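See below for the structure under consideration.
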Amino acid sequence: MTTGSLLAVDLVIAVLTAAGWLGAGSAAVARRRPLALALAALALLATLARAITIIGLARAGWWFAGEKVLVTGPLSLAAVAVAGPRLLPVPGDIRSVAVPLLFAGYATSSALFVTVLHGYPASAGAGLLAVAGTVTATAVSWRAVGARPSRAMSRAALVVAVGALVTGTGLTVVPAAAPAVPHDHGYRDARTADEPTRRFTLTAGTATVRADGRDVAAWAFNAQVPGPELTATVGDVMQVTLRNRDIGRGVTLHWHGYDVPNSQDGVPGVTQAAVLPGQEFVYRFRADQAGTYWYHTHSVSDVGVRMGLYGVLVVRPGPTAGLDVTVPVHTLVGRPLPAPRTERVEAGQPARLRLINTDSTTHRYALAGTAFRVAAIDGVDLEGPTSLVDTAVLIPAGGRYDLVFTAPATPVALFVDGRVVYSTGAVSTSTGDWPVLDPLDYGAAVAVPWSRFDRSLTLVLDRGLDLHGLLPRYAHTVNGAAAPDIPPQVVRLGDVVRFTIVNRFQVVHPWHLHGHHVLVLSRDGEPAAGSPLWLDSFDVRPGEVWEVAFRADNPGVWANHCHNLAHADAGMTLHLMYS
Ligand SMILES: [Cu+2]
């Protein structure tokens, strides 16, 4: 069983345990003896099963089990210790054991709340709050059921509850002050002054565009979605003037996967101010990385990108022969882009399909009718890519794959999630059951360039209750905090940095560090065995643990976030900062 499914099973059993005890308690109050006994038996069995899932999770990593071992364990034991002995022998009046059964229900429910609302890392505060909740709810039930606790008992319960509440709240709710992120404006790369320059102007504005046969209201660069395709040859200087006509919430340009100087990275509030209606900003950087990239607004990016403020950036090493097609896949107001395209291609021509996922979720791509190789991922060429046939690839949000092949005499078709988006003629085939390529196991291995790491940083991805804003929200969290309260992680120029990224929750998080490509070292403890993978976007699936590394060679303050932009918006953003 994968850690992801173990997390899901554990959650289901936790719910069953709490529901079992609570149901048993309620049935006992109502003097429904057989039901109470059956539910109590279910709760006991579930508690046993839970011991197994928690041990399994602890073996997969403390990240997955911390609060379960420290909070759930003791509270579940207390539940069994208090309720269990009172059921043997079965009491004549089942109502006499209602309060112990309810106590067990409250204890296991509080532990469940700690997992669901607080998560990682386990804290004394969360544990104490769970104890306070359990004691208070039990005391209230005790009075309601009419079995009066002694005065001393009530006092003791009150003291425990208030004490736990005060210390618990103090420990969990006081905001940890995140160091301020310094702003770095006005940097210009002096080296680029006299070099061949590619000049573009992108004007952001509201527009009506055609998507899947329908006119839709969009936000667009130069009135088109995607925006104009920006191309360059390695060594060119890119000079892109961004103007905002009428996007009230502001706009910027972020060069996704392009490791530009920090001042050109386009993150509002960090590297520049958002460009407001009537304003402009000129981006200038040298195109010294060949490959397939894309650009998008980073101002209210969840809405902005979804509404259409994105486009393709392709940097070629020099003149290229044959077919070279970009396929940026997007969902615009629920409608798929691009429109299907068919063209005739001469047999024997070299062909390159540049697949780009500009959505917030993973897409599945399948190239039918030809053998192909994955020449590059996230703009970086792979070592020794082998020929593939009838194999699908999964591209994470923000990711790019370059597929290359020699055009056969028969038609070729590219399917995205089962829909043909590009073809050289009619192809009828089903690609749904094709195996999926694992890039960690593809191409020729090369030794990792570093034998030691100067710094190790960990990102544990989860969900949790965030009480720091005006309204409480169920945030997507990193190390137990949500933006803007996640402390920046600090590196020094020249450090070799190892990142461990852990996903404790039930949804995929496509991770994206700005300004650097990271080398994949391992996934779930299995070392990467194929070509070196230098990625800027990778899916960390539920229960997965990725180890990646990079050299800190691009100083600045860099966004480091989930590229499911709704998650980033809901807290899953932090910064990597050079000291
Ligand atoms: Cu995410």
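The values are calculated or read from the model by the stated rules, or taken from the named source; none is laboratory data. Remember, it's a predicted structure, so these values are computed and weren't measured experimentally. Every residue, glycine among them, receives a Cβ derived from its backbone with ideal geometry; neighbour counts consider all protein chains shown. Accessible surface areas use protein heavy atoms only, side chains included; no ligands, DNA or RNA. Shrake-Rupley method; radii C 1.70, N 1.55, O 1.52, S 1.80 Å.
Taking region 475-503 as the range and being assigned to a strand (DSSP E or B), modelled with pLDDT of 95 or more and either within 16 Å of the ligand (Cβ to nearest atom) or of a type outside the set (A, V, I, L, M) (or both) as the test, the residues that pass are Ala475, His476, Thr477, Val478, Gln489, Arg498, Phe499, Thr500, Ile501, Val502, Asn503. The set of residues in region 243-261 being more than 17 Å from Ala287 (Cβ to Cβ) and open to solvent by less than 10 Å² (accessible area, probe 1.4 Å) consists of Asn244, Ile247, Gly250, Val251, Thr252.
For the criterion of being of a type outside the set (A, V, I, L, M, F, W, C), open to solvent by less than 40 Å² (accessible area, probe 1.4 Å), touching a helix residue (DSSP H, G or I) at 6+ places or on another chain (Cβ under 6 Å) and in a helix (DSSP H, G or I), Gly4 fails. Of the strands (runs of 3 or more DSSP E) contained entirely in region 227-323, those carrying at least 1 residues that are acidic (Asp, Glu) fall at 280-286.
Which residue out of Ser96, Ser76 is closer than 23 Å to Arg143 by Cβ, out of contact with any His (no Cβ under 8 Å at 6 or more places or on another chain) and among the polar types (S, T, N, Q)?
On the way: Ser76 fails: closer than 23 Å to Arg143 by Cβ.
The unique qualifying residue is Ser96.
For region 512-579, the strands (runs of 3 or more DSSP E) that sit wholly inside it and include 2 or more residues that are among the β-branched types (Val, Ile, Thr) and within 27 Å of Pro484 (Cβ to Cβ) are 545-551.
Ala65 - would you say it is farther than 30 Å from Asn479 by Cβ and within 35 Å of the chain's Cα centre (by Cα)? Please lay out each step first, then the result.
On the way: farther than 30 Å from Asn479 by Cβ: no; within 35 Å of the chain's Cα centre (by Cα): yes.
No.
Please tell me if Leu57 is at pLDDT 95 or above and more than 31 Å from the chain's Cα centre (by Cα). Reasoning before the result, please.
Numbers: at pLDDT 95 or above: yes; more than 31 Å from the chain's Cα centre (by Cα): no.
Criteria not met by Leu57.
Scanning region 524-542 for residues that are within 16 Å of the ligand (Cβ to nearest atom) and of a type in the set (D, E, K, R) gives Asp536, Asp539, Arg541.
Restricting region 357-374 to residues that are within 28 Å of Asn564 (Cα to Cα) and in contact with a Pro (Cβ under 6 Å, 6 or more places away or on another chain), the residue that is surrounded by the most Cβ atoms within 10 Å (Cβ to Cβ) is Thr358.
Residues that are touching a Gly at 6+ places or on another chain (Cβ under 7 Å) and of a type in the set (A, V, I, L, M, F, W, C) within region 1-31 comprise Leu6, Leu7, Ala18, Trp21, Leu22, listed in sequence order. Could you please give the count of residues in region 459-474 that are open to solvent by 40 Å² or more (accessible area, probe 1.4 Å) and either in a strand (DSSP E or B) or within 16 Å of the ligand (Cβ to nearest atom) (or both)? Residues in region 459-474 being open to solvent by 40 Å² or more (accessible area, probe 1.4 Å) and either in a strand (DSSP E or B) or within 16 Å of the ligand (Cβ to nearest atom) (or both): 4 in total. Selection within region 31-53: residues that are part of a helix (DSSP H, G or I) and of a type in the set (D, E, K, R). The member of this set that is least open to solvent (accessible area, probe 1.4 Å) is Arg50.
Scanning region 546-563 for residues that are over 22 Å from His468 (Cα atoms) and within 12 Å of the ligand (Cβ to nearest atom) yields a single hit, His563. For region 504-523, a residue qualifies if it is of a type outside the set (A, V, I, L, M) and within 16 Å of the ligand (Cβ to nearest atom), and the qualifying residues are Arg504, Phe505, Gln506, His509, Pro510, Trp511, His512, His514. Residues considered: Gly186, Gly163, Gly146. Of these, the only one that is surrounded by fewer than 21 Cβ atoms within 10 Å (Cβ to Cβ) and modelled with pLDDT under 60 is Gly186.
Of all the listed residues (Val333, Val329), the sole one being modelled with pLDDT under 95 and closer than 24 Å to Ile247 by Cβ is Val333.
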